[in-house]
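Just dropping this structure here.
Taken together, the values in this text are just the output of simple stated rules run on the coordinates, not laboratory data. Here the structure is a predicted model, which means the values were calculated and not measured. Neighbour counts are summed over all protein chains in view; Cβ atoms, including those assigned to glycine, are modelled from backbone coordinates with ideal geometry.
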């Protein structure tokens, strides 16, 4: 596997070239942040500043979250008159991020032809909170990665501490099945193979093996910490609605406060609205200031989408999104009473296919 | 003055109601073209079925956002039932087929977090199935009666 | 005012005695090992190993979710205001100072907020001075310090075996005298040692240039830099919700039939919908306008209106921002 500093050099050269040759107006990447174990997104426009870009195990943010706002359609005819043409955007993508971009393309939120997708095979990124916790009483003042991928932290008294990678990788990365970007224009690193391909399934099964009362208790305990800041939603690339259903006031669906019933429904609805669209990037978990594992719910729905419909979010830009598609023989054993009528006519299916072919 | 009088009356009715044994409250979302018509047929044919159901008419089962079902439960429904046209017979061609996927995922998620599966139910009822509609309501009401009042998602104001 | 002393081993007895008068909230470790201000019941072991809490203690005065009144069938009912005293032990000086800032908003003038006022009146704050600041702390640059007692009733200073307690207000004096049998006088050498530790902590805190921010920000209102410093912001609300001085709120009615309640909840100026008008117009449509407002509010309008910045340098926004935005960097880039 290519060392991260070599990938970094390639990335800087690529970005510099793309900007200089005006193949892109804007390049989305990462740069050094003010605190260790983190990087911060960089929206680069000047080719000569490409040296600011970094690539390492702290490149956690899913940059796809910035794409919908770059391609917002004009709100009305008046805005359309003075609107600038949509930009050409280059973007650095890990496996999960690339699938988010594909999902956005599927949903017509971003035009594929305006994007230059620079993919990097990702061996996993560090969860800053986990890393800080393993240091116990110490505070890291700086952190880096060596050629073998070990994380080294320098703490306040100058000592260097090596962190065991498996202990500080983000939970989403420990369950990752798609480290290589699905669709890109260039690939700068890799190949990286997924390690524990059934880790997600095991975790879901582990939760499911508890009796229902215990599951409910654990779920309620977990979300009781929620302060309704909406960080999980804002950090998610798939939550791009101008006005979230749960923020609307006419009618108001749930209260705005921390009543446990409102918190429960917020999380259930958010999980359902991202079903079949969530790429398990973990941005929601990372954004949550209270340490809630929102992936408890999304993990289950991603597995259901796969088991029931053979669908994984963001695999193919031409695929019809999960909940816009259907098959006549979709499973329906969850019904209270499956019908006793003969199998439905195929005319409905043919009509639908003809409509889509137009 | 008049307002107060009406409010007092409402209060006494509610007090009387609360003294009676608990009866399940089921909110049923019925699609206009098939299931609502089926329920109507049951009524017109004088087929008796439990009066625990409050019906909400929607144009198509595909119009239903899972948030509506959760809100009904939050507002005190003990269970929700969604009924649409049989697959292949949707008035809007494929609304119920898309809805079928949404409902499957909703049911799986609710079960996963420990909510009783009988609280959220789905079925297909056609406009000619008045008797079947009544039978389904009977079945659902009995299942929910055994479960007891909805405690998990209800919101106490 | 002489400082009092109590050993760490005797501290639980002091807290148990305070529990006889009302609720006591102190730092307890939750299941993930984080310190959280929790109401003490019988034998909880408190832990003083934390730097600071995730959530700021502003929730004691301005809860995330506060019922203003309830109504049912035409009758209104206000929830009983707290009448129990509440002692909050272990608040860091930055958070205590933030309470002073909130007082300026909710208590001064003719706009007394009765819910806030009652909570403030009933709350006794025992602050715990810092000896190990984080690299994200900058209290010294915004008028505070690791040993600053402003906003607290009692300031506690840590030594290896003991805790020194210094009353700062009449309320603090009353509290310490109610447990005087558990305390001894602190020796001047102990006081000096404790103050030396605080001074050492002060020196570790890197300064941030904030002086003159009001004037510089006033000049920078139309700067094109606002767009670039803010473009990473997701509008997630984490910074405001964790900030000890942020206080914007929303009021909504939750109604079902004839029953309901009016609730006050936290809001955040970084939310895209924060200034959305009923007409559909939004005067702050992009992160640029919203970030400008955030910085202006904290470092210019607050100074112009209240004489102090609305930032206490606790660093929570810096540590918790999911995209690594740093308010210190923003201030520097915008020319403060």
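Going by a ≥ b ≥ c, the root eigenvalues of the Cα gyration tensor, does chain C fall in the rounded group (a/c under 1.5), the prolate group (a/b larger than b/c) or the oblate group?
Working: a/c = 2.10, a/b = 1.25, b/c = 1.68.
Oblate, because a/c is 1.5 or more while a/b does not exceed b/c.
Moving on. Taking 25 °C and 0.890 mPa s as the conditions, I'd like the Stokes-Einstein D for the stretch B:72-157 in µm²/s, using the Kirkwood hydrodynamic radius from alpha carbon pairs.
Details: Rh = 14.1 Å.
The estimated diffusion coefficient comes to 174 µm²/s.
On average, how many beta carbons from a partner chain sit within 10 Å of the beta carbon of a residue in A:286-296?
Mean number of neighbouring Cβ atoms from other chains: 4.
Next up: Could you tell me the extents of the stretch A:117-196's C-alpha atoms along the three principal axes, largest first, rounded to whole Å?
Computed over the stretch A:117-196, the largest-to-smallest principal extents equal 45, 22, 19 Å.
Separate question: Using a 10 Å cut-off around each Cβ, can you sort C:245, A:336 from fewest to most neighbouring Cβ atoms?
Working: C:245 27, A:336 18.
Result, fewest neighbours first: A:336, C:245.
Could you state the angle between the C-alpha long axis of helix B:35-44 and the longest principal axis of the C-alpha atoms of chain B, as a value from 0 to 90 degrees rounded to the nearest 10?
That works out to roughly 60 degrees.
Shifting gears a bit: Among B:125, B:53, B:113, which one shows the highest mean-square fluctuation when chain B is modelled as a Gaussian network with alpha-carbon springs under 10 Å?
Residue with maximal mean-square fluctuation among B:125, B:53, B:113: B:113.
Could I ask something else about it? Antiparallel DSSP bridges in the protein assembly as shown: what percent, to the nearest 5? Please report the intermediate quantities before stating the final value.
Numbers: 52 of 91 bridges.
If I count the DSSP bridges inside the protein assembly as shown, around 55 percent turn out antiparallel.
Shifting gears a bit: Tell me, what is a quarter of the convex hull surface for the C-alpha atoms of the stretch C:4-204, in nm² with one decimal? List each step's numbers first, then the result.
Values: hull surface 54.1 nm².
Quarter of the Cα hull surface area: 13.5 nm².
While we're on this one: Provide A:23, A:81, C:4, C:104 in ascending order of the number of other Cβ atoms located within 10 Å of each residue's Cβ, fewest first. Walk me through the numbers on the way to the answer.
Working: A:23 13, A:81 8, C:4 22, C:104 17.
Going from sparsest to densest Cβ surroundings: A:81, A:23, C:104, C:4.
Considering every Cα-Cα pair within the stretch C:82-199, what fraction, in whole percent, is farther apart than 17 Å?
Working: 4102 of 6903 pairs.
When every Cα pair of the stretch C:82-199 is considered, 59 percent fall beyond 17 Å.
So how compact is chain B: Cα radius of gyration and Dmax in angstrom?
Reported Rg and Dmax, both Å: 16.9, 57.
When you look at the Cβ of every residue in B:108-120, what mean number of other chain Cβ atoms sits within 10 Å?
Working: counts 9, 9, 2, 5, 14, 16, 13, 6, 2, 3, 1, 0, 2.
Mean number of neighbouring Cβ atoms from other chains: 6.
Radius of gyration and Dmax for the stretch A:55-174's Cα atoms, expressed in Å?
Using the Cα atoms of the stretch A:55-174, the pair Rg, Dmax is 19.3, 61 Å.
Kindly put B:30, A:163, C:28 in sequence by how many other C-beta atoms sit within 10 Å of each C-beta, fewest to most.
On the way: B:30 24, A:163 21, C:28 18.
Lowest count first: C:28, A:163, B:30.
Per 5 Å bin, what is the whole-percent P(r) computed from every C-alpha pair distance within the stretch A:207-299?
2, 13, 24, 26, 20, 11, 3, 1, 0
Kirkwood Rh and Cα-based Rg: tell me the resulting Rg over Rh for chain A, rounded to two decimals. Walk me through the intermediate numbers first.
Numbers: Rg = 22.1 Å, Rh = 22.4 Å.
So for chain A, dividing Rg by the Kirkwood Rh gives 0.99.
Using only helices, what value at 222 nm comes out for the protein assembly as shown when you add -39,500 (n - 2.57) per DSSP H run of length 4 or more and divide by the total residues, to the nearest 500 deg cm²/dmol? Could the numbers behind the result be given before it?
Details: 32 runs with 307 residues, N = 851.
It comes out at -10500 deg cm²/dmol, rounded to the nearest 500.
Kindly identify the stretch A:1-46 as rounded, prolate or oblate by the Cα gyration tensor criterion: order the square roots of the eigenvalues as a ≥ b ≥ c, call it rounded if a/c is under 1.5, otherwise compare a/b with b/c, prolate if a/b is larger, else oblate. Mind dumping the intermediate values first?
Details: a/c = 3.40, a/b = 1.32, b/c = 2.58.
Oblate.
Tell me the volume per residue, in Å³, of the convex hull enclosing the alpha carbons of the stretch C:213-334. Can you show the working numbers first?
Working: hull volume 16.2 nm³, N = 122.
So the per-residue Cα hull volume is 133 Å³.
Please figure out what share of the DSSP beta bridges in the stretch B:24-147 is antiparallel and state it in percent, rounded to the nearest 5. Intermediate values should be presented prior to the final figure.
Working: 1 of 17 bridges.
Among the beta bridges of the stretch B:24-147, antiparallel pairing accounts for roughly 5 percent.
A further question follows. Averaged across the residues of A:226-239, what count of C-beta atoms belonging to other chains lies within 10 Å of each residue's C-beta?
Numbers: counts 1, 11, 6, 12, 8, 11, 3, 4, 10, 6, 2, 0, 0, 0.
Across A:226-239, the average partner-chain Cβ count within 10 Å equals 5.
Provide the three semi-axes, in whole Å and in decreasing order, of the ellipsoid equivalent to the protein assembly as shown as defined by the square roots of 5 times the Cα gyration tensor eigenvalues.
Details: eigenvalues 451, 285, 127 Å².
So the equivalent ellipsoid measures 47, 38, 25 Å along its semi-axes.
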